[in-house]
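Structure first, commentary second.
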Amino acid sequence: MVKARAMLGAVREYRFLGSELWVDCGDPHMRVTFLKPDLVRVRIVPGGDFEEEHSWDVPFSDETFQAVEVDLQQTQHALFLNSSAFTVRIDKDTALLEMLTTDGKSFFTDAVSPVWEENRYWFTKRIEDGEKYYGFGERAGRMEKQGQRMKNWATDPAEPHTAFVDPMYMAVPVYLVLREDFSYGVYVNSTWESSFDLSKRGQLHFESGGEELDVYIAYGSQPLDVIEQLSELLGHMPMPPKWALGYHQSRWSYGSDVEVRKLVNTFREKEIPCDVIHLDIDYMDDFRVFTWNSEKFPAPDKLMADLKRKNYQVVTIIDPGVKVDPHFAVYREGMEKGYFVRDARGKLCSGYVWPDESVFPDFSRAEVRDWWGDWQHGLVDQGVNGIWNDMNEPSVFEKPFSLGGGRGGTLPLKAEQGAPEEVTTHAELHNLYGSQMAQASYEGMRKSKPNERAFHLTRSGFAGVQRWSASWMGDNGSCWEHLEMSIGQLLNMGISGIPFVGADIGGFYGNATPELYARWMQIGSLYPFSRGHTCIGTAAHEPWQFGEEVEAIARDYLTLRYRLMPYLYSVFWKASKRGYPIWRSLFLHYPNDIQTHHIDDQVLIGRYLMAAPIVRPGQRARQVYLPEGVWYDWWDGYRYEGGRYILAEAPLEKMPLYVRAGAVIPMGPAMQFTGEKPLDPLSLHLFPGDQAEFTLYEDDGISMDYTSGGFATTRYQLRGDDHTAELEIFERKGSYNIPVRSLHVILRDGRHYQQKQFVDSGNARVVQFERPHG
């Protein structure tokens, strides 16, 4: 522990070792390591006692990166560590850090020396003119975060989140900075309670528990390049099972076998697409994890089998609290093995959650994660297809749930966690608890079905949680403000490296009006993770509960989602391969257009499809910004020149939706569930005007074969001029076998449609169209 106040001093000596520079700055010592030409790690600690690696470390270790060629130069006043992408400058008199682009522009520059005091440290960086700040996880409020203070401490908020509710369920110390001609991103490698303060003009202030200042800085000419670099550091999401891209229906709670059967039958009878049913806490026996309520769900094996025959998947909730009950096998075995969190004196740490007094597994230990996954196997063996973790901040009540529950806190900060060789406190690992529980559930599912993809959903987590889980934004409310807020939340989650995200459609707390539900379903049908969910005691929120008009709107937009599945699935593949967001802020593709920098009520799904949802009651038209280039109205084909605002008509049944010129949008047939029909015919919708390309990704949608080459890709390139449009279809690549199918190529040229049909056997071909005049 740092006993006295410490700050950087003059550089006393330094050593240059390959791609790493060691610097003695007085008491603090510094290590600057280029992991890639555009990714550098900076570590500073008083006394020079750098921490050893831990089993719970979030970033991939330095050794997983190949050696980088860098050179060291010096002048009378500074050291310069240069990669081919950018430079780290260290002032010799003060040891203050500055990053420099190849043309000398400064970024991520120390305003003053970092300070260490007892078991805390803080640093202050200069905010340069024109910089914009994004990311930071699921924060409420506007998308661009200057002016806000944000705490990183996984918390179940005491009230539905608003712009000023902080902290929230996730702690994600990752952010992206947009500059005029480049971008950079930062991951601060601290799992302790920490905070960002951007409320003072010209400064970013970060404060954290712990002793070692450890930051990673990624640089790129484009913001998507930066996100890709940080995703390589923190991990990519795996490809989910394709059914997880379908619509999910949930409620706290569908409380019986009979209620669930009625629910799934109604979806099919009304021809509203749905793939997944979620079961909340009331399916359990007195809230004991891994159990069933034998009165309400007397035959879970049969229920699972019957739902499977109807092509539904089932996701069950599992919370971390294990009921204190000597007759409960999970509790008894966990006690015998010593798997629950205890304090420094060996006393069991318990707290009140749904089962009343409960204890909490130490998921930081590999053997505990394995044990948890083994217990989970019973549910999987009965037919459960996915796991949903809630209350995993972890959150505890102030009194037993049977006496009213109420908001409380979390585990004691001095409680001990970790394997014997690396014991630490809950204060250091609290923010990781949700991610480590997600890891236990995900790995347990993979162990239960080794060649089948796992689906996992978590409320809490830390940076890197995308390696194990999809995420949703927690307990929102049935209000217009939360509908609008969800857009910025999901955009910033994607910027933070967590792409498979969603918010409760219709709102969790309260009762949605028919208009609110319709508007929420329109954009929610395009959320990466699309689920309707609501709270106990609220009115029913299924799509047919709001009248025939709203039911038809829900049916139409969910049908659109399923028809767009070839496009969406390919965008998910790019997310799993390169870390790109599925939902993208406009500035990610138009960084030089300052109009896009603050737009958080429009969203790009992938690169080519742009939604402009209605987020105000009674609104039947809205202003939409079209970035540079040509754009087409999805619904009527009208062609617009971009670089300007337009007024978009939006009657209740219509959400403004646009396609960028040059787009090739692959679509499939309408379906009630993702595997109902083969992708036959495959329809390619062409929007001429600019040259662009798209790669269609296909695999079996369920197995892990894609990790060893079991997939196929087809590249399409659209080009042309005012008179002709030409689609080049390249030969299909990959080992995944696709049967011969029909291919419909549809030119959507303004309000003129042309269609040509072919047999698609994977061969290359060129398709030409004459464009109409006038």
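The values are calculated or read from the model by the stated rules, or taken from the named source; none is laboratory data. The model shown is predicted, which means the values in this text are computed figures rather than measured ones. Don't worry about glycine lacking a Cβ; one is built from the backbone with ideal geometry, like all the others, and counts go over all protein chains shown. These area figures cover heavy atoms from the full protein model, side chains too; ligands, DNA and RNA do not enter into them. Shrake-Rupley method; radii C 1.70, N 1.55, O 1.52, S 1.80 Å.
Step by step: first the residues of the stretch 94-113, then only those that are among the charged types (D, E, K, R) and part of a loop (DSSP other than H, G, I, E, B), then the one that is most open to solvent (accessible area, probe 1.4 Å). Which residue is that?
This residue is ASP103.
Name every residue in the stretch 119-136 that is among the charged types (D, E, K, R) and either in contact with a Phe, Trp or Tyr (Cβ under 7 Å, 6 or more places away or on another chain) or open to solvent by 10 Å² or more (accessible area, probe 1.4 Å) (or both), in order of residue number.
Answer for the stretch 119-136, where residues must be among the charged types (D, E, K, R) and either in contact with a Phe, Trp or Tyr (Cβ under 7 Å, 6 or more places away or on another chain) or open to solvent by 10 Å² or more (accessible area, probe 1.4 Å) (or both): ARG120, LYS125, ARG126, GLU128, ASP129, LYS132.
For a quick check of your reading of the model, give me the residue pairs whose first member lies in the stretch 688-704 and is within 28 Å of TYR638 (Cβ to Cβ) and polar (S, T, N, Q), whose second is surrounded by fewer than 16 Cβ atoms within 10 Å (Cβ to Cβ) and at pLDDT below 95, with beta-carbon atoms closer than 7 Å and at least 6 apart or on different chains.
Correct list of pairs: empty, since none qualify.
What's the number of the condition HIS598 fails, among (1) crowded, with 18+ Cβ neighbours inside 10 Å; (2) within 29 Å of the chain's Cα centre (by Cα); (3) of a type outside the set (Val, Ile, Thr)?
Going through the list (1) crowded, with 18+ Cβ neighbours inside 10 Å; (2) within 29 Å of the chain's Cα centre (by Cα); (3) of a type outside the set (Val, Ile, Thr), HIS598 breaks only (1).
Taking the stretch 463-484, which residues are out of contact with any helix residue (DSSP H, G or I) (no Cβ under 7 Å at 6 or more places or on another chain) and within 14 Å of GLY137 (Cβ to Cβ)?
GLN466, TRP472, GLY474
Looking at the stretch 38-67 only, could you name the residues that are in contact with a helix residue (DSSP H, G or I) (Cβ under 7 Å, 6 or more places away or on another chain) and among the aliphatic types (A, V, I, L, M)?
Answer for the stretch 38-67, where residues must be in contact with a helix residue (DSSP H, G or I) (Cβ under 7 Å, 6 or more places away or on another chain) and among the aliphatic types (A, V, I, L, M): LEU39, VAL58.
Just checking, does the stretch 703-720 include any residue being surrounded by fewer than 19 Cβ atoms within 10 Å (Cβ to Cβ) and among the acidic types (Asp, Glu)?
Yes, the stretch 703-720 contains at least one residue that is surrounded by fewer than 19 Cβ atoms within 10 Å (Cβ to Cβ) and among the acidic types (Asp, Glu).
Under 9 Å between Cβ atoms, which residue pairs at least 6 apart in sequence (or on different chains) link something in the stretch 553-582 that is within 14 Å of SER530 (Cα to Cα) with a partner that is modelled with pLDDT under 95 and open to solvent by 10 Å² or more (accessible area, probe 1.4 Å)?
none
State all residues of the stretch 263-272 that are under 15 Å from VAL314 (Cα atoms) and either open to solvent by 40 Å² or more (accessible area, probe 1.4 Å) or not in a helix (DSSP H, G or I) (or both); if no residue qualifies, say none.
Within the stretch 263-272, just ASN265 meets the criteria.
Quick one: TRP153 ticks every box in (1) farther than 15 Å from SER195 by Cβ; (2) at pLDDT 95 or above bar one, so which box is it?
(1)
Would you check if there is a residue in the stretch 238-251 being in contact with a Gly (Cβ under 7 Å, 6 or more places away or on another chain), open to solvent by 40 Å² or more (accessible area, probe 1.4 Å) and either at pLDDT 95 or above or not in a strand (DSSP E or B) (or both)?
Yes, that holds for at least one residue.
Please find, among GLU357, GLU336, the residue that is in a strand (DSSP E or B) and surrounded by fewer than 19 Cβ atoms within 10 Å (Cβ to Cβ).
GLU357
Restricting to the stretch 387-412, give me the number of residues that are closer than 18 Å to THR291 by Cβ and either open to solvent by less than 30 Å² (accessible area, probe 1.4 Å) or not hydrophobic (A, V, I, L, M, F, W, C) (or both).
6
Does the stretch 281-291 hold any residues that are open to solvent by 10 Å² or more (accessible area, probe 1.4 Å), in contact (Cβ under 8 Å) with a residue 12 or more places away in the chain and not in a helix (DSSP H, G or I), and which are they?
ASP286, PHE287, ARG288, PHE290
Take LEU647 and decide whether it is surrounded by 19 or more Cβ atoms within 10 Å (Cβ to Cβ), more than 21 Å from GLY579 (Cα to Cα) and of a type outside the set (Phe, Trp, Tyr).
So LEU647 fails the test.
Would you point out which residue out of GLU693, GLU676 is surrounded by fewer than 20 Cβ atoms within 10 Å (Cβ to Cβ) and in a strand (DSSP E or B)?
The match here is GLU693.
In the stretch 121-152, what residues are in contact with a strand residue (DSSP E or B) (Cβ under 7 Å, 6 or more places away or on another chain), in a loop (DSSP other than H, G, I, E, B) and not aliphatic (A, V, I, L, M)?
Residues satisfying the conditions are GLU128, GLU131, PHE136, GLY137, GLU138, ARG139, GLU144, LYS145, GLN146.
Among residues belonging to the stretch 469-488 that are closer than 29 Å to ARG453 by Cα and of a type in the set (A, V, I, L, M, F, W, C), point out the one that is surrounded by the fewest Cβ atoms within 10 Å (Cβ to Cβ).
Looking at the filtered set, the residue picked out is ILE487.
Please go through (1) farther than 30 Å from ASP93 by Cβ; (2) in contact with a Lys or Arg (Cβ under 8 Å, 6 or more places away or on another chain); (3) among the hydrophobic types (A, V, I, L, M, F, W, C); (4) surrounded by 24 or more Cβ atoms within 10 Å (Cβ to Cβ) for TRP116 and return the number of the only condition it doesn't satisfy.
Exception for TRP116: condition (1).
Return the residue satisfying two criteria in turn: it lies in the stretch 419-435 and is open to solvent by less than 10 Å² (accessible area, probe 1.4 Å) and not hydroxyl-bearing (Ser, Thr, Tyr), and of such residues it is farthest from the chain's Cα centre (by Cα).
Filtering the stretch 419-435 for residues that are open to solvent by less than 10 Å² (accessible area, probe 1.4 Å) and not hydroxyl-bearing (Ser, Thr, Tyr), the one farthest from the chain's Cα centre (by Cα) comes out as HIS426.
Taking the residues in the stretch 571-588 that are in contact with an Asp or Glu (Cβ under 9 Å, 6 or more places away or on another chain) and either farther than 19 Å from GLY502 by Cβ or modelled with pLDDT under 95 (or both) as candidates, determine which candidate is surrounded by the most Cβ atoms within 10 Å (Cβ to Cβ).
Looking at the filtered set, the residue picked out is PHE587.
Please report, ordered by residue number, the strands (runs of 3 or more DSSP E) entirely within the stretch 1-93 with at least 1 residues that are among the β-branched types (Val, Ile, Thr).
By residue number, 20-24, 28-36, 39-46, 86-91.
Residue by residue through the stretch 402-426, note down the ones that are over 20 Å from TRP372 (Cα atoms), out of contact with any Asp or Glu (no Cβ under 7 Å at 6 or more places or on another chain) and in a helix (DSSP H, G or I).
If the condition is that a residue be over 20 Å from TRP372 (Cα atoms), out of contact with any Asp or Glu (no Cβ under 7 Å at 6 or more places or on another chain) and in a helix (DSSP H, G or I), then LEU403, GLU421, GLU422 are the ones that fit.
For the stretch 656-673, enumerate the residues that are crowded, with 19+ Cβ neighbours inside 10 Å, in a loop (DSSP other than H, G, I, E, B) and not hydrophobic (A, V, I, L, M, F, W, C).
Within the stretch 656-673, PRO656, GLY662, GLY668, GLN672 qualify.
Could you tell me whether the stretch 213-220 includes any residue that is under 24 Å from the mean Cα position of the chain (by Cα), among the β-branched types (Val, Ile, Thr) and surrounded by fewer than 22 Cβ atoms within 10 Å (Cβ to Cβ)?
Looking for residues that are under 24 Å from the mean Cα position of the chain (by Cα), among the β-branched types (Val, Ile, Thr) and surrounded by fewer than 22 Cβ atoms within 10 Å (Cβ to Cβ), one finds at least one in the stretch 213-220, hence yes.
Taking the conditions exactly as written (out of contact with any strand residue (DSSP E or B) (no Cβ under 9 Å at 6 or more places or on another chain), of a type outside the set (S, T, N, Q) and open to solvent by 10 Å² or more (accessible area, probe 1.4 Å)), does HIS205 satisfy them or not?
No.
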